[in-house]
Number of protein chains: 4
Amino acid sequence: MNKTATSETPGAAASANEASGVTAPALRVTVWNENRHEKQNPKVSEIYPDGIHAAIAGFLTEAGMLAGTATLDEPEHGLTDEVLDTTDVLIWWGHLAHGEVRDDIVAKVQRRVLDGMGLIVLHSGHYSKIFQALMGTSCALKWREADEKERLWVVAPAHPIAAGIGEFIELEREEMYGEHFDIPAPDELVFASWFEGGEVFRSGCAYARGGGKVFYFRPGHETYPTYWHKDIQRVIVNAANWARPVKRERPYRGNAQPLEKLAAGRQVTKGEGQQ
Amino acid sequence: MNKTATSETPGAAASANEASGVTAPALRVTVWNENRHEKQNPKVSEIYPDGIHAAIAGFLTEAGMLAGTATLDEPEHGLTDEVLDTTDVLIWWGHLAHGEVRDDIVAKVQRRVLDGMGLIVLHSGHYSKIFQALMGTSCALKWREADEKERLWVVAPAHPIAAGIGEFIELEREEMYGEHFDIPAPDELVFASWFEGGEVFRSGCAYARGGGKVFYFRPGHETYPTYWHKDIQRVIVNAANWARPVKRERPYRGNAQPLEKLAAGRQVTKGEGQQ
Amino acid sequence: MNKTATSETPGAAASANEASGVTAPALRVTVWNENRHEKQNPKVSEIYPDGIHAAIAGFLTEAGMLAGTATLDEPEHGLTDEVLDTTDVLIWWGHLAHGEVRDDIVAKVQRRVLDGMGLIVLHSGHYSKIFQALMGTSCALKWREADEKERLWVVAPAHPIAAGIGEFIELEREEMYGEHFDIPAPDELVFASWFEGGEVFRSGCAYARGGGKVFYFRPGHETYPTYWHKDIQRVIVNAANWARPVKRERPYRGNAQPLEKLAAGRQVTKGEGQQ
Amino acid sequence: MNKTATSETPGAAASANEASGVTAPALRVTVWNENRHEKQNPKVSEIYPDGIHAAIAGFLTEAGMLAGTATLDEPEHGLTDEVLDTTDVLIWWGHLAHGEVRDDIVAKVQRRVLDGMGLIVLHSGHYSKIFQALMGTSCALKWREADEKERLWVVAPAHPIAAGIGEFIELEREEMYGEHFDIPAPDELVFASWFEGGEVFRSGCAYARGGGKVFYFRPGHETYPTYWHKDIQRVIVNAANWARPVKRERPYRGNAQPLEKLAAGRQVTKGEGQQ
């Protein structure tokens, strides 16, 4: 885990959540990457010499965020309590080694999301344990590697994740993902993709889960320079800002006393702890 | 597992899903119950002498459905493949013993739902493994046993689950469940409850998950005769009809060939099996 | 207006809304058509010799529904109170003459929908007054007539409107409609279209509005035989069944007395009539 | 229209929409008020001596926004093109005189919203022409003036509009609004209200419409000091920040040329202008 300070632009990525008129502190983002393709496939390491995580952390830093990284082969996959305690938004890229991610760490990350941490799941992360756990569905889809053109159309023009993006983003070569994508219907569908081979795909999907926000963003096959594309970077920066935790006290859940006087004859049974 | 035929009303519960104009076969519903309170608490067995499951199966049968039952202490909790193969909609009531439900059976039921089986989760089933797995959230809430009045207001008047129901259903005595209820925002919110003690609750929540439909319905604490209430019965019958599986071929997911001729230079990489 | 009885299949299109186990009466559908292209363009009248409305009413009748028709040039556009009183679901096709539809009749149809009548808006009906009034947005879109291939992908496999439909519907030649389609995000997105020319479109959009249901279905340009396509017919039959009015009393709105005893000191001000 | 600069806190209300790391300019909000109760009812003018609009503009200014006001009796109701050109978010309070608002100005405001301007509709504004036009439904509801307690529960803890708010907001005395509230199901339901008299209400409803965002917030009857309540102020400030226009080019709609080369034999018909 390596947090890069952005001393040139302190507090630059201010938050609209802060109603008080005081600029919010810079967003703290941790970019998690499996980091296996980069070590195995020269084609990938040529495009991302320091790994996909470093490429993403780089443009987040340029956007004024405090971006760190974590990878599968670090202890606890780099996702220690200390790291998560200082993470507002977690970005997730995985593919080959979903099965190697420890279940206890998946459960911990899920709890963090429900408690408010933002989560952005990229591309093949659709099949990660954490995304499946949060969606409750298989998250399976159609796919094909054929150097195809993808065009991501904005279908939610009022959504902050689409800020600064034109009518669509065109990627000359990408892996195809096709419907039916087995996810819950997104709370907000931001992008829908057209593929040269004849498929469509819900490629930008926003969810609230507990106190946290989740965004799935389709592009980013490891053999293409997708994360160097300015519009793709812009969407990820927007999504990180959108997923900033909302500052509220955690709701109490469990046995609760009445807030109002009950009618005569109502009998309050003493409950214990959480249900 | 005990399937009760309804020979007097063959095919009575016909389905609007059948566009062909041919009346659909009767809906096959399995009512699953933990069936522990009934054995331990005379107050409960007095209200439900044959168990909550039998009470529910009874009014479903009267509505023309083929209703069977299954309980925790049967082999495989009564949820064998044979039973599930003949189940269109599964109803779930559990409370004391969520932890005793086998994980492999939970996983099997989840797959069945994603493949089209309807699921209706009642009351304290909010904390069941199957509901948590399908929601991806904690499903925790506030609660209180105080003999309180609950009033379930219809907030989706166009929804078939509200058919035949007035502006609200009033229950003189029920357990209180209060917000924040940690569920994904329902695809359709059908009922919202008012409680005497000052809380509100999203008490009728409809979801699609994969090829199946899920409905959570709040009322039904074991010490009250809630499942003998005509409006509560009507909602559960409506929900079962609504959750009837849609007849379609299961979507293919995995590696897929292009449907369109790709531009020159596109290279199709041969993929293997499911991603 | 001409109601065609379907005496061969009485009550065939039964409804899942009827929880009582009694088969519901046949659905009464009125197919409204502008009916201008058919009179002006031989290419259209060759495909639809009796008009688009007759073609649609024909396959609805075959599906066991009581299907009638109404057209722009009839008195009150064929939408008298008498006709609407016996209409469960209204289907709308218009294009050239949206502006000729009387505002008072639009307002009347809108009220009927809010009171429970189903509405299915087809193709160029996206720009009709009634659809715009119910959506609250411009309902504008991109379009192109270029004999293009359209492929409508099912993105909501659990939805009854997709019953009996494969992974997609392929139309060899259709008009293109492209995003951004200026509609509210659908309550349920059932189909998303791929077009040969590079666009996508939300082509099957389900909404609840008041007590009624609205479905927008994209295909059906007048110069193509789209409404003779079996899958397109199946979707429209499914949609009509789905849009069947839910039988409930109309909710009361206006000044209301408290249902609970208020605390001492609360002063109830007498209100008058509807707010 | 009177724009109050907030020179002490330049650019304070920065926006998360701005991914570039550059703090966004202060939000420009126009608070529109019918301003009739204040002139007719001493009870109201005692609570809001300068009008409800001035009270709201006051706390928005304190939050670092550039807040101006506009009222019904000004020329063009104070909503000239010049005013709207410099309005990011419009807040709307009306009650007695909905019918006096000019239809052309309603249509203009609706277009502005679809083009990106945020709109926050307060309390009795539920029955305003602009809210009805954007919703497409009657927006009718139950109501009662009885000095009742209202408790607004947060049901969407991840939503930025709930930032800084506890589990609920309690208002000791308010007018009651009850279900069924005839609105489209909100894209996001943020608050649900409990009322002493036995009703519930969807009291914080978020929508996207075209390029703009709309938030309906229930509280604010003119005879209570609701807009002086810190939590109510916080919600309105949050909502204004949330409704900030997303900076994008307006999507093109109308006849469009193909982005891809069509198959041989496809014939592109020349279209004209907007459909």
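The values are calculated or read from the model by the stated rules, or taken from the named source; none is laboratory data. What you see is a predicted model, and the numbers here were worked out from it, not measured in a lab. Using ideal geometry, Cβ is built from the backbone for each residue, glycine included, and neighbour counts are taken over all protein chains shown. Just so you know, the surface numbers come from the protein's heavy atoms only, side chains and all, with ligands and any DNA or RNA stripped out. Shrake-Rupley method; radii C 1.70, N 1.55, O 1.52, S 1.80 Å.
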Amide proton proximity set for residue A:201, modelled H, under 5 Å, gap of 5+: A:193
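Run the dipole for the protein assembly as shown about the Cα centre, Lys and Arg Cβ at +1, Asp and Glu Cβ at -1, nothing else charged, and hand back the magnitude in debye, nearest 20.
Numbers: 116 positive and 152 negative charges, 0 e Å.
That gives the protein assembly as shown a dipole magnitude of about 0 debye.
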In order through segment C:29-36: 3J(HN,Hα) via Karplus (6.51 cos²θ - 1.76 cosθ + 1.60), integer Hz, x for Gly, Pro: 10, 10, 9, 9, 9, 4, 6, 10
Cleavage-rule hits (GluC sites (Glu not before Pro)) in segment A:200-275: DSSP loop, at most 16 neighbouring Cβ within 10 angstrom: A:249, A:272
Tilt relative to chain C, helix C:230-242 - C-alpha long axis, 0 to 90 degrees, to 10: 10
For segment D:204-212, 3J(HN,Hα) per residue [Karplus equation, 6.51 cos²θ - 1.76 cosθ + 1.60, θ = phi - 60°, Hz, x = Gly/Pro]: x, 10, 9, 9, 9, 9, x, x, x
Test item: C:59-66 mean partner chain Cβ contacts at 10 Å: 2
Between segment D:91-118 and segment B:31-75, the Cα center-to-center distance that results, in Å: 55
Lys, Arg +1 and Asp, Glu -1 on Cβ, resulting dipole of segment D:106-261 about Cα centre, debye, nearest 20: 1140
Whether the protein assembly as shown is rounded, prolate or oblate, judged on the alpha carbon gyration tensor where a/c under 1.5 counts as rounded: rounded
Of all accessible heavy-atom area on segment A:140-246, the percent that carbon and sulfur account for (1.4 Å): 55
Global form of chain D, assessed from the alpha-carbon gyration tensor, a/c cut-off 1.5: prolate
Per residue value of the accessible surface for chain A (all protein chains in place, 1.4 Å probe), Å²: 32
Computed helical MRE - 222 nm, the protein assembly as shown, DSSP H runs ≥ 4 contributing -39500 (n - 2.57), nearest 500: -5500 deg cm²/dmol
Out-of-range pairs (alpha-carbon distance over 29 Å; input A:213/D:213; C:213/D:213; A:213/C:129; A:129/D:213; C:270/D:39): A:213/C:129; A:129/D:213
Identity and axial distance of the chain A residue whose Cβ lies nearest the axis relating A to B, Å: A:136, 2
Between 0 and 90°, nearest 10: helix A:52-62 axis offset from chain A longest Cα axis: 70
Loss of accessible area when A meets D, both sides summed, Å² nearest 100, probe 1.4 Å: 3500
Cα-based helix-to-principal-axis angle, A:103-114 vs chain A, degrees rounded to 10: 70
Amide H contacts of residue B:254 (H built 1.01 Å from N, under 5 Å, at least 5 apart or other chain): A:141, A:142, A:143, B:275
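Calculated FRET efficiency, residue C:41 and residue B:259, Cβ-Cβ r, R0 35 Å, to nearest 0.05? Mind showing how you got there, number by number?
Working: r = 32 Å, r/R0 = 0.91.
After rounding, the FRET efficiency stands at 0.65.
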Residues whose placed amide H lies under 5 Å from that of residue D:24, excluding near-sequence neighbours: D:15
